[in-house]
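A short worksheet on the structure shown next.
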Amino acid sequence: MNNDVCLAFSADPEKIEKVKSKIKDPEDLLSLAELFKVLGDPTRIKILDALSNSELCVCDIAGIMEMGSSAVSHQLRVLRAAKIVKFRREGKNVIYSLDDDHVRSLIQTGLDHVLE
């Protein structure tokens, strides 16, 4: 016997309509799914964890990650395209940071959830 399904189908039409009226715009949900895809990579999560502690140049991130700077740059391009990180030039260096506090909150909320 399957315990995770209803034994009798008796949907509540009022509840269905109420919830359907509150579901977000499909395009917004698609954008959210894309964001979670970007965040679903362990390497990118580790980069974001490092950036949540300090602004870092590509060379520093490469050292932390024990990866080549070109591989790190590729990951940073993906994160930048998703508006998760931003950068600024400082002389010959490119300094990366989290785009805003929403990103820090996303990471912290996710960690809180997995550490429960």
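Brief remarks follow.
- Tally, over segment 5-25, of residues that are of a type outside the set (Lys, Arg), in a loop (DSSP other than H, G, I, E, B) and under 31 Å from the mean Cα position of the chain (by Cα): 2
- Of all residues in segment 26-40, those satisfying the criterion of being assigned to a helix (DSSP H, G or I) and without any contact (Cβ under 8 Å) to a residue 12 or more places away in the chain are Pro26, Glu27, Asp28, Leu29, Leu30, Ser31, Leu32, Ala33, Phe36, Lys37.
- Pairing residues of segment 41-69 that are without any contact (Cβ under 8 Å) to a residue 24 or more places away in the chain and closer than 17 Å to Gln108 by Cβ with residues that are assigned to a helix (DSSP H, G or I) and not β-branched (Val, Ile, Thr), at Cβ distances under 8 Å and at least 6 apart in sequence or on separate chains, gives Lys46/Met65; Ala50/Met65.
- In summary, Ser97 fulfils each of the numbered conditions (1) exposed (fewer than 15 other Cβ atoms within 10 Å of the Cβ); (2) in contact (Cβ under 8 Å) with a residue 12 or more places away in the chain; (3) not hydrophobic (A, V, I, L, M, F, W, C) with the single exception of condition (1).
- Test for Ser105: is it farther than 28 Å from Asp28 by Cα and either polar (S, T, N, Q) or touching a Gly at 6+ places or on another chain (Cβ under 9 Å) (or both): no
Read-outs throughout are calculated quantities, based only on the coordinates presented, and are distinct from any laboratory measurement. A quick note: this is a predicted structure, and the numbers were derived from the prediction, not measured. Reconstructed Cβ throughout: ideal geometry from the backbone, glycine too, with neighbour counts over all protein chains shown.
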